[in-house]
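The values are calculated or read from the model by the stated rules, or taken from the named source; none is laboratory data. Please read all numbers here as calculations on a predicted model, not as lab measurements. Every residue, glycine as well, gets a Cβ built from its backbone with ideal geometry; the counts of neighbours run over all protein chains shown. Side chains included, ligands, DNA and RNA excluded: accessible areas come from the protein's heavy atoms. Shrake-Rupley method; radii C 1.70, N 1.55, O 1.52, S 1.80 Å.
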Amino acid sequence: MTCWVRPIRSGWVVRDRVPGPDVDEFGDPTRVAAALAVPGGAEGTLLAVQHPHRTPAALAAGLGLTEALPIARAALSYLRSYHYEPVSDVVGLYEIDGADGSVLGVLCMVDPDVVGADGVSHVRHTEDVYPDVVAERAAMLAGLGCATSAALLVPEAEGWVLTGKVREILSTLDEPAVSTVDSVGRRHRLWLLGAGEHQDEVLALAQRHTLLVADGNHRVAASAAAGSLLALVTGGPRLEIGPIHRALVGTGLSLAELASRWRAAGLDVRETGDRTVAVGSVVVLAGGSALRVRLPSLGEPSIDHRVVEQVLIREALGVDPEGPALVPILPGGRTVVSDVDATFLLAPVPLADLLATHAAGLRMPRKATYFTPKPRSGLLLADL
């Protein structure tokens with residue numbers, strides 16, 4: 001069998017805690033730049049390594065990513081020397097537990113481009129991606145030669161088998177190599193598993209089925225050029241999918257005008273005081289008013305985000321949903337948006353609908369699913 005899930009041949013495990021702000025708190029460049037501008041935020045931190053062209057010094061000098069990469073490589077070398085220990089031929093057994101879910105999984109290297117005998121990739125994207133984000137991440141990986149963040153991959157079937165094996169092995173191990181609590185209270189614990197029978201068992205289970213990208217579609221696409229991806233492969237036991245909303249910006253359209261155009265398109269639009277979201281409808285907010293729009297089906301599986309983008313935005317308003325006028329709103333205030341005309345509140349996509357989309361050979365709209373809990377950047381680095 002082709003071994004497309006492998007140990008980390010050469011890497012570095014953090015000694016105590018990842019230096020600097022929690023990288024995973026920040027969902028857009030504006031918030032990254034703001035965090036780097038805080039005193040100490042851009043000096044000797046993993047956030048500065050991942051975003052060297054967004055530090056105050058780089059912005060003042062007008063440096064793009066290519067020009068800032070030497071600075072990032074030097075910063076990464078410093079971090080690895082003072083905050084990390086080298087490791088080789090290991091996989092990480094990783095436990096995350098928090099209010100937004102819990103997982104047991106395997107932190108390892110995955111070949112993002114390997115295909116089976118049927119010619120179909122073993123690693124399947126679940127969402128469309130933004131080409132400019134992929135290009136930036138690919139340049140970053142190539143320039144650093146090191147993976148600092150892991151994608152979250154989920155077996156399309158029998159994830160509970162992998163979960164059970166990880167739990168069984170953990171019962172035989174001593175204290176973890178890393179134990180930390182992130183900024184929102186999730187506990188992250190990481191054990192290093194060297195070569196041997198247990199490592200062989202978890203790697204075999206991790207590649208037993210096709211892996212779906214739960215979080216990190218852009219990271220997976222960017223890793224194709226490197227030929228190797230750092231990933232947390234997990235089947236739960238309690239993965240959650242949170243909502244990702246949308247904001248309509250810069251169009252100048254009022255809520256009344258939106259309602260008029262949607263009704264003209266034959267949609268069921270009603271004023272509402274209830275902001276509760278449910279699958280099959282969207283709540284649209286502007287000022288202190290709200291509308292509830294019942295969404296038509298576009299066939300099975302009918303994903304609310306796709307209906308909003310194609311019917312409410314493209315067809316009824318004549319606005320390109322892939323342009324700057326429609327902005328994904330990540331949970332927890334991780335997106336900074338100005339000039340908002342209206343906010344679209346959408347229900348979380350049910351896991352069954354995501355799996356049905358995958359089974360139909362389709363992808364979700366971009367930024368439609370928000371899986372939690374996520375692996376934390378910087379606990380285990382991998383040489384590419």
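Of note:
- Filter pass, LEU79 being over 19 Å from the mean Cα position of the chain (by Cα) and over 28 Å from THR372 (Cβ atoms): no
- Residue list for segment 1-32, filter: within 20 Å of TYR370 (Cα to Cα) and of a type in the set (D, E, K, R): ASP22, ASP24, GLU25, ASP28, ARG31
- Any chance ALA42 is within 20 Å of the chain's Cα centre (by Cα), open to solvent by 10 Å² or more (accessible area, probe 1.4 Å) and free of Cβ contacts under 8 Å to residues at least 24 places away in the same chain: no
- Screening segment 3-32 for residues that are farther than 21 Å from VAL184 by Cα and small (Gly, Ala, Ser) and picking the one that is surrounded by the most Cβ atoms within 10 Å (Cβ to Cβ) gives GLY11.
- Total residues in segment 174-207, condition surrounded by fewer than 16 Cβ atoms within 10 Å (Cβ to Cβ) and touching a strand residue (DSSP E or B) at 6+ places or on another chain (Cβ under 9 Å): 10
- Long-range neighbours under 6 Å by Cβ, at least six apart or interchain, first residue farther than 14 Å from LEU107 by Cβ within segment 3-16, second in a loop (DSSP other than H, G, I, E, B) and among the polar types (S, T, N, Q): TRP4/GLN207
- Elements of type strands (runs of 3 or more DSSP E) contained in segment 243-329, each with 3 or more residues being buried (at least 17 other Cβ atoms within 10 Å of the Cβ) and on the phi < 0 side of the Ramachandran plot: 245-249, 281-286, 289-294, 326-329
- Applying the set (1) farther than 17 Å from THR343 by Cα; (2) in contact with a Pro (Cβ under 7 Å, 6 or more places away or on another chain) to ALA264 leaves exactly one unmet item: (2).
- Among residues of segment 114-127, those that are touching a helix residue (DSSP H, G or I) at 6+ places or on another chain (Cβ under 8 Å) and either of a type in the set (D, E, K, R) or open to solvent by 50 Å² or more (accessible area, probe 1.4 Å) (or both), counted: 2
- Within the set ASP97, ASP89, the sole residue that is touching a Gly at 6+ places or on another chain (Cβ under 7 Å), at pLDDT 95 or above and among the charged types (D, E, K, R) turns out to be ASP89.
- Selection within segment 64-113: residues that are assigned to a helix (DSSP H, G or I) and open to solvent by less than 10 Å² (accessible area, probe 1.4 Å). The member of this set that is nearest to THR148 (Cα to Cα) is LEU76.
- Against the numbered list (1) in contact with a Pro (Cβ under 9 Å, 6 or more places away or on another chain); (2) part of a strand (DSSP E or B), ALA221 comes up short only at (2).
- VAL337, sole failed condition from (1) of a type outside the set (Gly, Ala, Ser); (2) over 21 Å from VAL32 (Cα atoms); (3) open to solvent by 30 Å² or more (accessible area, probe 1.4 Å): (2)
- Subset of segment 157-173 [open to solvent by 20 Å² or more (accessible area, probe 1.4 Å) and at pLDDT 90 or above]: GLU158, TRP160, VAL161, GLY164, LYS165, ARG167, GLU168, LEU170, SER171, THR172, LEU173
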